[in-house]
Amino acid sequence: PRVHEVLVQKAGKKLGLPVIPSRMAMLTRPNHGRAACHYCGQCGRGCKTASAFSSSQTMVLPAMKTGKLNVICNAMARELLTGPDGKVTGVSYVDKPTRTEKQIRCRAVVVAASACESARLLLNSKSTRFPNGIANSSGMLGRNLTDTVGYGLGGQIPALENLPRHNCDGIGGMHVYVPWWLLDDKKKNFPRGYHIEIGGGFGMPQIGGFRGHEGYGAKLKEEVRRYYGSYVGFAGRGEMIPNEHTYCEIDPEKVDQWGIPVLRFHFRWSEHEINQAKHMHDTFNDLIVAMGGKPQPRASRREDGGISVGGSIIHEAGTVSMGNDPAKSVLNKYCQAHEVKNLFVADAAPFISNADKNVTLTIVANAWRTAEYLAEEMRKGNV
Ligand SMILES: Cc1cc2nc3c(=O)[nH]c(=O)nc-3n(C[C@H](O)[C@H](O)[C@H](O)COP(=O)(O)OP(=O)(O)OC[C@H]3O[C@@H](n4cnc5c(N)ncnc54)[C@H](O)[C@@H]3O)c2cc1C
Ligand code: SF4
């Protein structure tokens, strides 16, 4: 941990919060041709040595090297085509450079266009058998949309002022983390929980980083030197429970530049999430005070009460939900459409809730499981 993180650990101990090493999808040792992390701290810009996980570097490139993967670039899928038995027979797409329509035939299709775009593609795939979108007899396509609950609070910590300058880059992002710690708390007034992400240190100063220290000349320089590195930020990321008011559907009037109908969104937080955000506020306030600091509201897009604007945490999930009951879900537990056996969805669309963990690694794990099931079903001749 870096110096501000050591102070957070001490404050966490006082308040009974577990502040543990942060789990990151980065290599500490070389693996399958990917180098170990060299601690440049620039993960947000993409990792040149592929030490941080990204599907393009870690999965797509190795798959291409097998010679069994053919990537068709600049293809905008318009709809899935079906045969008389309702199965998918191919995909119709726009070849973007030539703006022409093309088709590709398939034995099975795995849609992974990200949660909302997958729902859009399925809703736009209409036929006599599926007039409301493929595999949508339940009417659940687009429903159960969720985002992560977000709340943030920062603080200025006098104990961190005028610290000697040092390089504190290390691995990109936070080095400590607070997992949800009140699993057995019966008194709290919201279901599930949230984790806490921690910011601070001598990172590249951002615009607005020295708010409140305006001025000129020597005095301004002295203030900037004094306060640089003395700020910490806490970001809560919590679980949203799906509700009937939050969903996406095809906009009856608007199309994109390819003439493909776009989605329109309806989003509402329920009391669960609003209460959770209040809990985040109180916790972050307590942490900052325990560090001897002064809480400072952050300038970011928020609704009344400080909860994030729905969609702004960019962890969309739901929309093509999985479940055992075909009347209430689109996919089965293997992310295979109940009604179309050769149609699979392998992104966050199948999630029936948006657990407090950030979505990507769960998408990857679930997609892996779906791929193994599909391979087995193909071997057996069921797909
Ligand atoms: C700025 C930002 C920061 C984030 N940070 C984190 C984080 O720290 N941790 C975390 O877990 N998650 C994070 N997320 C969320 C995470 O990136 C997404 O949940 C995840 O990438 C979704 O993966 P996916 O494969 O479903 O979709 P994507 O990664 O969006 O891939 C979908 C692909 O499908 C293509 N596509 C879509 N529609 C069509 C179509 N009709 N035809 C052809 N191709 C199509 C898209 O071009 C895209 O390449 C972040 C998201 C953003 C935007
Ligand atoms: S710090 Fe991030 S970008 Fe730099 S090498 Fe490590 S994983 Fe890659």
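Amide H contacts of V111 (H built 1.01 Å from N, in plane; Pro and chain starts excluded): F344, V345, A346 sit under 5 Å, all sequence-distant by 5 or more or on other chains.
With K and R counted +1 and D and E -1, the other residues having a Cβ less than 11 Å from that of N382 yield a net charge of +1. Shown for the chain: the carbon plus sulfur share of the solvent-accessible area, taken with all protein chains present and a 1.4 angstrom probe, equals 54%. Summing charges over neighbours of A25, with a neighbour being any other residue whose Cβ is under 13 Å away from its Cβ, gives +3 when K and R count +1 and D and E count -1. Determine the sum of side-chain charges near V340: Lys and Arg each +1, Asp and Glu each -1, restricted to other residues whose C-beta is under 14 angstrom from that of V340. Around V340, the charge tally is +1.
Rolling a 1.4 Å probe over the protein heavy atoms leaves I134 with an accessible area of roughly 0 Å². Just tell me the longest site-free run in the chain, where the sites are GluC sites (Glu not before Pro) in a DSSP loop having at most 10 other beta-carbon atoms within 10 Å. In short, 1-213. Comparing Q257, Q57, Q276 in a Gaussian network model of the chain (Cα springs below 10 Å), the most mobile by mean-square fluctuation is Q257. The relative contact order of the range 1-76, computed from alpha carbon pairs under 8 Å that lie at least 6 residues apart in sequence, is 17 percent. Taking the centroid of alpha carbons for each part, the range 263-284 and the range 2-40 are 28 Å apart. The range 325-383 and the range 120-194 have Cα centres spaced 20 Å apart. Take every Cα pair under 8 Å whose residues are at least 6 apart in sequence, average their separation, divide by the length of the range 62-144, and the relative contact order is 21 percent. Of all the options M280, M322, M24, the one that moves most in a Gaussian network model of the chain with Cα springs shorter than 10 angstrom is M24. Show log10 I(q)/I(0) for the chain at q = 0.06, 0.08, 0.09, 0.10 Å⁻¹, two decimals, from a solvent-free Debye sum over equal Cα scatterers. Evaluating at q = 0.06, 0.08, 0.09, 0.10 Å⁻¹ gives log10 I(q)/I(0) of -0.30, -0.52, -0.65, -0.79.
The values are calculated or read from the model by the stated rules, or taken from the named source; none is laboratory data. In this text the structure is predicted, and so the values were computed from the model without any measurement. Counting neighbours? That spans all protein chains shown, and the Cβs are built from the backbone with ideal geometry, glycine included. The accessibility values were calculated without ligands, DNA or RNA, using every heavy atom of the protein model including side chains. Shrake-Rupley method; radii C 1.70, N 1.55, O 1.52, S 1.80 Å.
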